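Presented below is the structure to which this report refers.
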Amino acid sequence: MKLIECVPNFSEGQNKQVIDQIVMQITSVKGVKLLDVDPGKDTNRTVVTFAGHPDDVINAAFLAISKASQLIDMKHHKGAHARMGATDVCPLIPISGVTEKECIEYSHKLAKKVGEKLKIPVFLYEKSAKAKNRQNLAIIRQGEYEGMGEKLKLKEWAPDYGPNKLNIKSGVTAIGVREFLIAYNINLNTSDKKIASDIALDIREAGRAKRDKNGKIIRDKNGTMIKVPGSLKNVKAVGWYLEEFNVAQVSMNLIDYKSTSVHSVFEEVRKQAQKRGLRVTGSELVGLIPLDSLVDAGKFYLDKQNKSEGVSEKQLIHIAVKSMGLDEMYAFNANEKVIDYMIDDSKKLINETISDFANELSSESPAPGGGSVSALAGSMSASLSSMVANLSFGKKEFINERKKINKIGINAQILKKDLLQLIDDDTKAFDMLMSAFRLPKKTEQDNKFRSKQILKMSKHVTDIPFKTLKKSIELMSLSNDTIELGNHNCISDAGVAAEMAYSCAYGAYYNVKINLIELKEEKKYYNNVKNESEKIISNLDKQINQIRNKVLKVLNNG
């Protein structure tokens, strides 16, 4: 699923009616989810956060920027925050299923539209910038709205899109791709703000002033202060006192969590606190966090505990939360704090109870059907393989195989997640095919479009079980790996994992076969899918017999 986040900053934080009208433009776009609206009276600025499919997000962002240009007059704007336009800045952040390169292309698309249709000069910044001196937003914004008229006259400051002169009413806008920013605070067992500030100076990338043995700040020949860089890249930090809880905090912005992870920051602050005779008691997230950041943290702490990393996503999040004390001040609800969960709140079969799913399956509705059940069987196979791996990981007799066992567990969890997704994908694909059949056919143009869509969806409804079938190869291989470990206490579970993989394969194969009946005229597609499917099934027929013999040999001798 392609997801990007957009966090436009509008130069209005006091007039609720104006803010509401801008936000309404965003919520009017189907497929976009509004995550947060944060107005500031002193700054006279509102930060809005929303997310969704890139095309929908770009559409919503343009509508919001357009409405802001109508309602906000920069000639009369005053506020504590630096600003240069009605929409001061509009960052795009890739969340999932979108590469950085793709996101940059989307930023160009939005900037071009804003420049051409709204006649607003647009600078591309951060990862979208065409020149190094335009990467830093603070440099672009120098001079602010009042100085932009003269700045735009300079050749080196010609906008990337839009007119070469200031839009008097709307000013200038910066649009670009940046990494997801994580606002993260770490709690200390002290109320002394000075100690928290001292830690912040030691860890933040900007560091602290270099001093001589007498404590005097050292400057270069131009009189510029020389700084000693901090220990953490891409981290901004300050120390402050939190009156509500009577504790000092190291408050940080992680501007690139993929290069400097949340858990590495937590560990570094803990080390710095210990050097000063203090202890870290916990931490808190301000706003949202990407799922992969918590999953990585969970794996890190499981590794430190000498435990298998092949556990569920839910368990990885639990380990991360408990290890970093993210629930010290407030209850941590992943559905409200993890951006991936916040965005994807659609109704899913996999979130139903077993009995609800069975009831839905047994109804007269043709979907969910055999394709979803096949994917379900595959997910059960992966879960059993993971279980066997986790039960074997801590055993003394398998200590030399831990690396291999850990890999089995991790791969099984990945497969489980993929196959759970295919349960819903199979049902959605069938619904999309039915929608194609219901398209109008009044005119020749209608019939042509309808035929194209039916063909497209017929392939799609075949591709889903074909994906499931291909996953069954990996499932069978995993179950065989668990058998080869030699944990005879789990041999029946490993055998069931293989049988479920085999059922998954044949169930998916049946669905591929029936769907191919309608695609015989698409000879290349038909032959490719048919031949590869038969090859997979033939291979699995041999493997299941070998695995059965291995399992029964152990059970019969038991």
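The values are calculated or read from the model by the stated rules, or taken from the named source; none is laboratory data. In this text, all values refer to a predicted model and were calculated from it rather than measured experimentally. Here the Cβ positions follow ideal geometry from the backbone for every residue, glycine too, while neighbour counts run over all protein chains shown.
What strands (runs of 3 or more DSSP E) lie completely within segment 17-115 and have 2 or more residues being at pLDDT 95 or above and either not assigned by TED's automatic domain parsing to the domain that holds residue 290 or not β-branched (Val, Ile, Thr) (or both)? Working first, answer last.
Details: elements: 32-40, 45-52, 87-96.
Of the strands (runs of 3 or more DSSP E) lying wholly inside segment 17-115, those with at least 2 residues that are at pLDDT 95 or above and either not assigned by TED's automatic domain parsing to the domain that holds residue 290 or not β-branched (Val, Ile, Thr) (or both) span 87-96.
Among the numbered criteria (1) under 30 Å from residue 491 (Cβ atoms); (2) surrounded by fewer than 20 Cβ atoms within 10 Å (Cβ to Cβ), which single criterion is violated by residue 408?
With (1) under 30 Å from residue 491 (Cβ atoms); (2) surrounded by fewer than 20 Cβ atoms within 10 Å (Cβ to Cβ) applied to residue 408, the lone miss is (2).
Going through segment 1-26 one residue at a time, which ones are touching a Pro at 6+ places or on another chain (Cβ under 7 Å) and within 20 Å of residue 73 (Cα to Cα)?
13, 19
Let me confirm something: among 51, 80, which residue is closer than 24 Å to residue 102 by Cα and either over 20 Å from the mean Cα position of the chain (by Cα) or buried (at least 18 other Cβ atoms within 10 Å of the Cβ) (or both)? Let's see the steps before the verdict.
Details: 80 fails: closer than 24 Å to residue 102 by Cα.
Selected residue: 51, the only one of 51, 80 that is closer than 24 Å to residue 102 by Cα and either over 20 Å from the mean Cα position of the chain (by Cα) or buried (at least 18 other Cβ atoms within 10 Å of the Cβ) (or both).
Would you be able to say whether some residue in segment 473-487 is part of a helix (DSSP H, G or I), farther than 30 Å from residue 396 by Cα and either assigned by TED's automatic domain parsing to the domain that holds residue 550 or of a type in the set (Phe, Trp, Tyr) (or both)?
Quick first cut of segment 473-487, residues part of a helix (DSSP H, G or I) only: 473-485.
With farther than 30 Å from residue 396 by Cα added as a condition, the list becomes 473.
Imposing the further condition that a residue be either assigned by TED's automatic domain parsing to the domain that holds residue 550 or of a type in the set (Phe, Trp, Tyr) (or both) reduces the set to 473.
Within segment 473-487, one or more residues are part of a helix (DSSP H, G or I), farther than 30 Å from residue 396 by Cα and either assigned by TED's automatic domain parsing to the domain that holds residue 550 or of a type in the set (Phe, Trp, Tyr) (or both).
Do any residues in segment 110-136 that are without any contact (Cβ under 8 Å) to a residue 24 or more places away in the chain and over 16 Å from residue 152 (Cβ atoms) have Cβ atoms under 6 Å from those of residues that are of a type outside the set (Ser, Thr, Tyr) and outside any loop (DSSP other than H, G, I, E, B), where the two are at least six apart or on different chains, and which pairs are they?
135/126
Can you tell me which residues in segment 482-505 are closer than 29 Å to residue 465 by Cβ, buried (at least 20 other Cβ atoms within 10 Å of the Cβ) and of a type in the set (A, V, I, L, M, F, W, C)?
Selection gives 483, 494, 497, 498, 500, 501, 504, 505.
How many residues does segment 20-48 hold that are basic (Lys, Arg) and surrounded by 16 or more Cβ atoms within 10 Å (Cβ to Cβ)? Write out each step before concluding.
Taking segment 20-48 first, the residues basic (Lys, Arg) are 30, 33, 41, 45.
Okay, now just the ones that are also surrounded by 16 or more Cβ atoms within 10 Å (Cβ to Cβ), so 33, 45.
Residues flagged as basic (Lys, Arg) and surrounded by 16 or more Cβ atoms within 10 Å (Cβ to Cβ) within segment 20-48 amount to 2.
Among what's in segment 135-181 and is under 30 Å from residue 285 (Cα atoms) and part of a helix (DSSP H, G or I), pick the residue that is nearest to the chain's Cα centre (by Cα). Lay out the reasoning, then the answer.
First, pick out the residues of segment 135-181 that are under 30 Å from residue 285 (Cα atoms): 135-141, 173-181.
If we keep only those that are part of a helix (DSSP H, G or I) too, we end up with 137-141.
Details: 137: 24, 138: 27, 139: 29, 140: 29, 141: 29 Å.
Per the criteria, the residue is 137.
Return yes when residue 118 is under 19 Å from residue 9 (Cβ atoms) and at pLDDT 95 or above and no when it is not. Working first, answer last.
On the way: under 19 Å from residue 9 (Cβ atoms): yes; at pLDDT 95 or above: yes.
Considered against the rule, which asks whether it is under 19 Å from residue 9 (Cβ atoms) and at pLDDT 95 or above, residue 118 comes out as yes.
Within segment 247-255, is even one residue assigned by TED's automatic domain parsing to the domain that holds residue 301, farther than 23 Å from residue 293 by Cα and loosely packed, with under 13 Cβ neighbours inside 10 Å? Give the derivation first.
Initially, segment 247-255 is screened for residues assigned by TED's automatic domain parsing to the domain that holds residue 301, giving 247-255.
Still in the list and also farther than 23 Å from residue 293 by Cα: 247-248.
Next cut, loosely packed, with under 13 Cβ neighbours inside 10 Å only: none.
No, every residue in segment 247-255 fails to be assigned by TED's automatic domain parsing to the domain that holds residue 301, farther than 23 Å from residue 293 by Cα and loosely packed, with under 13 Cβ neighbours inside 10 Å.
Name the pairs whose Cβ atoms lie under 9 Å apart, with the first residue in segment 217-230 and surrounded by 12 or more Cβ atoms within 10 Å (Cβ to Cβ), the second of a type in the set (Ser, Thr, Tyr), and 6 or more positions between them or separate chains?
Here the result reads none, with nothing in segment 217-230 linked to a residue that is of a type in the set (Ser, Thr, Tyr).
Right, residue 210: surrounded by 12 or more Cβ atoms within 10 Å (Cβ to Cβ) and either within 25 Å of residue 261 (Cβ to Cβ) or of a type outside the set (Asp, Glu) (or both) or not? Talk me through it step by step, then tell me what you get.
Values: surrounded by 12 or more Cβ atoms within 10 Å (Cβ to Cβ): yes; either within 25 Å of residue 261 (Cβ to Cβ) or of a type outside the set (Asp, Glu) (or both): yes.
It is true that residue 210 is surrounded by 12 or more Cβ atoms within 10 Å (Cβ to Cβ) and either within 25 Å of residue 261 (Cβ to Cβ) or of a type outside the set (Asp, Glu) (or both).
Checking the structure you have, find out if any residue of segment 277-298 is without any contact (Cβ under 8 Å) to a residue 24 or more places away in the chain, over 21 Å from the mean Cα position of the chain (by Cα), under 22 Å from residue 247 (Cα atoms) and surrounded by fewer than 21 Cβ atoms within 10 Å (Cβ to Cβ).
So far as segment 277-298 goes, yes, one or more of its residues are without any contact (Cβ under 8 Å) to a residue 24 or more places away in the chain, over 21 Å from the mean Cα position of the chain (by Cα), under 22 Å from residue 247 (Cα atoms) and surrounded by fewer than 21 Cβ atoms within 10 Å (Cβ to Cβ).
Filter segment 506-536 down to the residues that are of a type outside the set (Ser, Thr, Tyr) and buried (at least 18 other Cβ atoms within 10 Å of the Cβ), then identify the one that is nearest to the chain's Cα centre (by Cα). Full working, then the answer.
Going through segment 506-536, the residues of a type outside the set (Ser, Thr, Tyr) turn out to be 507-508, 511-524, 527-532, 534-536.
From what is left, the residues that are buried (at least 18 other Cβ atoms within 10 Å of the Cβ) are 507-508, 511-512, 515-516, 529, 536.
Details: 507: 32, 508: 29, 511: 32, 512: 31, 515: 33, 516: 35, 529: 32, 536: 33 Å.
The selected residue is 508.
Looking at residue 260 and the list (1) closer than 23 Å to residue 7 by Cβ; (2) over 25 Å from the mean Cα position of the chain (by Cα), which single condition is not satisfied?
(2)
Taking the residues in segment 97-118 that are of a type in the set (Lys, Arg) and closer than 14 Å to residue 176 by Cβ as candidates, determine which candidate is farthest from the chain's Cα centre (by Cα). Break it down into steps so the answer makes sense when it comes.
First pass over segment 97-118, keeping only residues of a type in the set (Lys, Arg): 101, 109, 112-113, 117.
Those still in the list that are closer than 14 Å to residue 176 by Cβ too: 101, 109, 112.
Numbers: 101: 16, 109: 22, 112: 26 Å.
In this case the residue turns out to be 112.
Can you pull out the residues in segment 182-202 that are touching a helix residue (DSSP H, G or I) at 6+ places or on another chain (Cβ under 7 Å), within 15 Å of residue 247 (Cα to Cα) and outside any strand (DSSP E or B)?
199
Going by the structure shown, is residue 379 crowded, with 19+ Cβ neighbours inside 10 Å, among the hydroxyl-bearing types (Ser, Thr, Tyr), within 13 Å of residue 471 (Cβ to Cβ) and touching a Pro at 6+ places or on another chain (Cβ under 9 Å)?
On the way: crowded, with 19+ Cβ neighbours inside 10 Å: yes; among the hydroxyl-bearing types (Ser, Thr, Tyr): yes; within 13 Å of residue 471 (Cβ to Cβ): yes; touching a Pro at 6+ places or on another chain (Cβ under 9 Å): no.
No; evaluated as a whole, the condition is false for this residue.
Within segment 111-126, does at least one residue satisfy the condition of being farther than 24 Å from residue 72 by Cβ and of a type in the set (D, E, K, R)?
As a first pass, look at segment 111-126 and keep what is farther than 24 Å from residue 72 by Cβ: none.
No, because not a single residue in segment 111-126 is farther than 24 Å from residue 72 by Cβ and of a type in the set (D, E, K, R).
Can you spot a residue in segment 9-19 that is over 19 Å from residue 286 (Cα atoms), in contact with an Asp or Glu (Cβ under 9 Å, 6 or more places away or on another chain) and either surrounded by fewer than 17 Cβ atoms within 10 Å (Cβ to Cβ) or without any contact (Cβ under 8 Å) to a residue 24 or more places away in the chain (or both)? I'd like the intermediate steps shown before the answer.
Of all residues in segment 9-19, those over 19 Å from residue 286 (Cα atoms) come to 10-19.
Subsequent filtering for residues that are in contact with an Asp or Glu (Cβ under 9 Å, 6 or more places away or on another chain) retains 10-11, 13, 18-19.
Filter once more, keeping what is either surrounded by fewer than 17 Cβ atoms within 10 Å (Cβ to Cβ) or without any contact (Cβ under 8 Å) to a residue 24 or more places away in the chain (or both): none.
No, every residue in segment 9-19 fails to be over 19 Å from residue 286 (Cα atoms), in contact with an Asp or Glu (Cβ under 9 Å, 6 or more places away or on another chain) and either surrounded by fewer than 17 Cβ atoms within 10 Å (Cβ to Cβ) or without any contact (Cβ under 8 Å) to a residue 24 or more places away in the chain (or both).
Would you mind finding the one in 372, 435 that is exposed (fewer than 14 other Cβ atoms within 10 Å of the Cβ), closer than 30 Å to residue 523 by Cα and either assigned by TED's automatic domain parsing to the domain that holds residue 498 or not aliphatic (A, V, I, L, M) (or both)? Write out each step before concluding.
On the way: 372 fails: exposed (fewer than 14 other Cβ atoms within 10 Å of the Cβ).
Criteria check complete, one pass: 435.
Among the residues of segment 10-59, which ones are touching a Ser or Thr at 6+ places or on another chain (Cβ under 7 Å), closer than 22 Å to residue 289 by Cα and among the aliphatic types (A, V, I, L, M)?
Once the filter is applied, which keeps residues that are touching a Ser or Thr at 6+ places or on another chain (Cβ under 7 Å), closer than 22 Å to residue 289 by Cα and among the aliphatic types (A, V, I, L, M), segment 10-59 yields 34, 35, 37.
Which of (1) buried (at least 20 other Cβ atoms within 10 Å of the Cβ); (2) within 30 Å of the chain's Cα centre (by Cα); (3) among the β-branched types (Val, Ile, Thr); (4) more than 30 Å from residue 120 (Cα to Cα) does residue 238 not meet, given it meets every other one?
All conditions are met except number (1).
Can you tell me which residue among 550, 524 is part of a helix (DSSP H, G or I) and out of contact with any helix residue (DSSP H, G or I) (no Cβ under 6 Å at 6 or more places or on another chain)?
Working: 550 fails: out of contact with any helix residue (DSSP H, G or I) (no Cβ under 6 Å at 6 or more places or on another chain).
Checking each option against the conditions leaves just 524.
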